[in-house]
Each structure stands twice: as structure tokens, then as C-alpha cells.
Amino acid sequence: MRSDYCGALNASYIDREVTLCGWVDRRRDHGGVIFIDLRDRAGIVQVVFDPDAQDKFELADKVRGEYVLQVTGKVRARDAATVNPNMATGEIEVYGTDLEILNEAETIPFPLSEHSSVGEDVRLKYRYIDLRRAEMQKSLQFRSKVTIAIRNYLDENGFLDIETPILTRATPEGARDYLVPSRTHENKFFALPQSPQLFKQLLMVSGFDRYYQIAKCFRDEDLRADRQPEFTQIDIETSFMDEEGIMGITEGMVKQLFNNLLEVDLGEFPRMDYATAMAKYGSDKPDLRIPLELVDVKDLMDEVEFKVFSGPAKDPKGRVTALKVPGGNDKLTRKQIDDYTKFVGIYGAKGLAYIKVNDVSDVEEGLQSPIVKFLPNNVRQAILERLDAQNGDLIFFGADKASVVSEALGALRCKLGEDLNLYTREWAPLWVVDFPMFEEGDDGSMQALHHPFTAPSCSPAELKSNPATALSRAYDMVLNGTELGGGSVRIHDQTMQQTVFEILGISSEEQREKFGFLLDALKYGAPPHGGLAFGLDRLIMLMTGASSIRDVIAFPKTQSAACVMTDAPGAVDAAQLRELHIRLRQKEQKELKEKSE
């Protein structure tokens, strides 16, 4: 139906006849001449119809916005005075000789102009229209280029693209699984995979020593800007390669992506251990573009009378930390400080103490704060020295359980970096390594920090004797404070895997029930192996500068995990539920009956 794309035309096409198909972006009638801006996925070109076109001119006069057209005409140069330097096709136009209206269009719910402001709920309800916007077209075309580049890179490095099942069984994090009832196996359920983790490990046991997959994964959890109930993962696994090799080959992939598609040289990725990341930045995915650092002052607060500080200082699980904002006295108002106090409350902090440093040489009168009266002069002096405070600086404090302080002040650090534009560079890549193997739950039980198939950096006996201090062979790739991907060397020894399960409180019976196939596989010559999984949606979000992964996914869900366009999830009729051996509770049954009536 067409010979060329609208946006592909340029001066080299002058005097050539072309046939174009697309949507009417804009129609204008100037002095008896009709101008139609015709749009397709490649861009926009101006088409001109004048009265010499006779019946086609009359047809063009009936055209309105978003009509679907087929146009034939000759490419010609624009007059010098009408050249549009803001359009890729601005040097030329098409003199229309034939026109067919392929479909008419009603007035669309919102304008497609980049300057229009439309609520996300409306955009998602009419997503098929929202996707016509140039911004969305560019994002999804860029996403396609990224996946092609990834496939080419991994193919060149000997990886095989192998699919793994979508219908599987519930994982250890079963509460987050999407369950699928089985019609043929009464009272039993499949689960949609949160990751292809176990299947890719089994592929390593099978001898496919380099695997990858751009895989759909599913997780039923609360959403944020960078989370979706269904998301896309670049899944990579390889045998006979240690963490250095895996990190090297995946780092090379990301660097090549940025270099080829954005002309950005990310440079070398520095390494930082988990303990340092948490101590200095309060996060295991620190944004190194921001020069602010957390400084522990727990030892200085041990004997002060102010219990807000001394309580956490004496608690082995507590933390007292300071965050200095250079020149913060002039940059931040009292209202902004109050707003930041509310902000850290989101992360469980009970408050946000601060000190304004007016005169660093005078610890008696030179410090301004509601809390300074509770701090002896020697403590004030020690704080100033440890933070290398200068006149005009503002110091924030966090005191609570270590986890609360780290999360709250880590988030505040990023918030300050954004609000005060403290970024020192555009891109800051990082590897975070040496993660703890386990973290302690509220009930004192051990939980896997990554997942229970991550290999520890010690023997089974050492792990069992002191699991709380054991480190794992895990690694995360971080970019600008966002975790791009996480991975680890996996457990390939049955004894080690059983030891980890025991520490996690998984009984022998439960091990056999849930993971018997894995334990069996590990005793039949499982090779050393490991891998890494990237969040493709997050990667595209960062590369395009989007504020949410919903802007780089064709048909995303809302914050409530719903599709407002198709009205999913939806009700299921009683007959289908009976076939699936499912009975709804009384309330749901009544609502379903009312809907059917």
C-alpha cells in the first residue's frame, strides 16, 4: 500500500513519486491550498493539495485529525522561506496527486501534542492513542533497538536463546506468586514465574553452558515507579565462569549498549562492598553522582543525656548518623526542613534532628538547633571535626534502628541531591559486591538476602557455625542509584544447598516437596555456574530519561496492578469457576450474581 515511510523522506527523494500511509497529525487550509501533516512511526511529512487536484482536493477538504490516509504524490523542495528546520523532513514536501481515506476518526480524547498535559489514568485507558505520541513511539522503537543489540552481543559471545516455562510451581516467596488454577488437576495450581531461576540452573546442569532469555516475569507486590506486576528480564546464566568473568561479560554488554545507542562512554565500573555502601550511603544501590555521605557518630552519642540519641547509640542494632549539606543554611528554609522531616517519616523515622553551623569556631553560640542544648561542648566539637563542618553547613541526624536510619537518611541523601541539583556527573555506574548471605527477620529467623540458591563465600561447616556473618558470592550492577541487575554464583553442591535450606528453616520434607528435582540434579554432575538478571524496563527507563517504567512499556498496569484499558482483572462466571474447582466466598458470590443479572 505504501512505497516509503513519511519520516524517511528527505532531499534525495526530490522529483520521485511516493505513496505514503499514515495518520493526519494536522490539517491546515491556507488561501485555497490544503496542507496535511501526515504521520507514521518514522515521523511527519507535509503533503500539499491544491485545486488542480480537483476531486482529490475536495476529498482533502473533508479530512480531519487522526484520519487514516493513503497519499500518492511527487516529492518537491520547499521554498526557502517555508523550510522548517525543526522537522526532519522540513526541506521537502509532497505535492499530492491521489488520496484515499482509509478510515475516519472521531475526535480523540486528548491532544497528541507534546505540550499537552493529560492524566496518566486517561493515557492508560486510551493507551492505543497515547502510543501514537512521538515520545512513546521513540521510546518503544528505542526499546526494540536495545533488545536487538543485546541479542547480538550475547549471540556473538556464544550464548543460546532458550525459553523456559511460564506455567510452573510456587516459589519460596510464594505469597508474591500469581497463581493459575489447573482444570485437569483438581485443587492444584500453577504459578507464574517470578524469575526463570531454577530452570536456567537446570540448563547449566544439562550442559548448555551459556544461556540467555528476554523473559516475562511476574510478581504480585505493591508497585512503585520502577515496578510492575509483569516485567521483562534479561536473564543470563553461564557455567565454568566465576563472578569476575560474569561481571566482566555483562559489564561489557551494558557499556556497548550505551556507547552504540547513546554515544556515552560509561568508563570502568568501580567496586564497592555492601558494608561500605550501607555505611556511607544508607543504600545497597548508592547514587554516586551525589557527593553527600553519611557519617556515623554513634560512639559520640553514647553518654549524652538526650535519649533520642543515647538510646540507639547503646543499642547494638541501633545507628546514629549525620549527613552534612555544605552551604545548607542558605539553600534550605525552615519549611523545607520540615518537609524533609515528613519525608523521612515515610521510611519509619520518628523525626529529623538538625544543626545549623553559623560559626564553627564557637561551639557555645555558633550552632543553631533545638537539640544543641542537649549536647555537651566536647560532643559538639567532635561532631564538627568528624564531619569537617564549615560555616554555613547544615547537618541532619538520624537515630533509630540501623535499618530505619539507613533507609531514611539514604533516601534523604538522594532527595537532597535531586532538589538541590548536586549531581557531579551524568552517569555513575557501580558494582556492589560482598553482600551478606542472610538477613535477620523480625522474629529472629534467617532470610536469604538475595535468594536461597546463591553460593556463600565459605564452606558448609563454616556457614552453619556462623550464618549471620557469612558473605555471599553475589553482585549487583547499579547505575545512578538504580539497580540495573543482580546476580550471583549459584550453589552447585547438594550438601551446600541443603545447608542453606536448613538455615532458612526449610525442613527436609519441604526441601524434597519443593526442590527435590533441584537437589537430585545437583548430585548428577552439576557444574560451577552463575548468572545475572537485568531489568529491561528499568534499563530502558534510564537510557531514555523516562520518569517511570510505565512510559517504556507498551501496555503497562496502573499503580493498583490493573489495566484500565481492558478493565482487567475482571470477574469470571460461575460455570468457569466450577470447571476450575473454585468456589468464591459468600460476599464474592453475591457480587458475581448481581453482575450477571
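The values are calculated or read from the model by the stated rules, or taken from the named source; none is laboratory data. In this text, all values refer to a predicted model and were calculated from it rather than measured experimentally. Methodologically, a virtual Cβ is constructed for each residue, glycine included, from the backbone with ideal geometry; neighbour enumeration extends over all protein chains shown.
Against the conditions (1) touching a residue at least 12 places away in the same chain (Cβ under 8 Å); (2) outside the structural domain of residue 213 (by TED's automatic domain parsing); (3) not basic (Lys, Arg), residue 513 satisfies every one except (1). Can you confirm whether residue 249 is touching a residue at least 60 places away in the same chain (Cβ under 8 Å), in contact with a Cys (Cβ under 7 Å, 6 or more places away or on another chain) and either outside the structural domain of residue 385 (by TED's automatic domain parsing) or farther than 30 Å from residue 378 by Cα (or both)? Taking the combined requirement at face value, the residue does not satisfy it.
Once region 523-532 is narrowed to residues that are surrounded by fewer than 22 Cβ atoms within 10 Å (Cβ to Cβ) and not basic (Lys, Arg), the residue that is farthest from residue 208 (Cα to Cα) is 524. Summed over region 188-235, the residues that are of a type in the set (Asp, Glu), in contact with a strand residue (DSSP E or B) (Cβ under 8 Å, 6 or more places away or on another chain) and either farther than 13 Å from residue 178 by Cα or assigned to a loop (DSSP other than H, G, I, E, B) (or both) give a count of 4. Taken across region 548-560, residues that are surrounded by fewer than 20 Cβ atoms within 10 Å (Cβ to Cβ), of a type in the set (S, T, N, Q), outside any loop (DSSP other than H, G, I, E, B) and within 14 Å of the chain's Cα centre (by Cα) do not occur at all. Before we move on, is residue 537 assigned to a helix (DSSP H, G or I), modelled with pLDDT under 95 and within 28 Å of residue 214 (Cβ to Cβ)? So residue 537 does not fit the description; no. Contact map, region 192-204: residues that are farther than 17 Å from residue 234 by Cβ paired with residues that are in a helix (DSSP H, G or I), Cβ distance under 6 Å, separation 6+ or inter-chain. Pairs shown: 198/518; 202/521. Look at region 521-540: where a residue is closer than 14 Å to residue 237 by Cβ and a partner is modelled with pLDDT under 95 and not in a strand (DSSP E or B), sitting 6+ places away or on another chain with Cβ atoms under 7 Å, you get 533/195.
Got at least one residue in region 54-61 being assigned to a loop (DSSP other than H, G, I, E, B) and either surrounded by 15 or more Cβ atoms within 10 Å (Cβ to Cβ) or in contact with a Leu (Cβ under 7 Å, 6 or more places away or on another chain) (or both)? No; the residues of region 54-61 include none that is assigned to a loop (DSSP other than H, G, I, E, B) and either surrounded by 15 or more Cβ atoms within 10 Å (Cβ to Cβ) or in contact with a Leu (Cβ under 7 Å, 6 or more places away or on another chain) (or both). Of everything in region 449-465 that's in contact with a strand residue (DSSP E or B) (Cβ under 6 Å, 6 or more places away or on another chain), aliphatic (A, V, I, L, M) and free of Cβ contacts under 8 Å to residues at least 60 places away in the same chain, which residue is surrounded by the fewest Cβ atoms within 10 Å (Cβ to Cβ)? Only one residue fits best here, namely 449.
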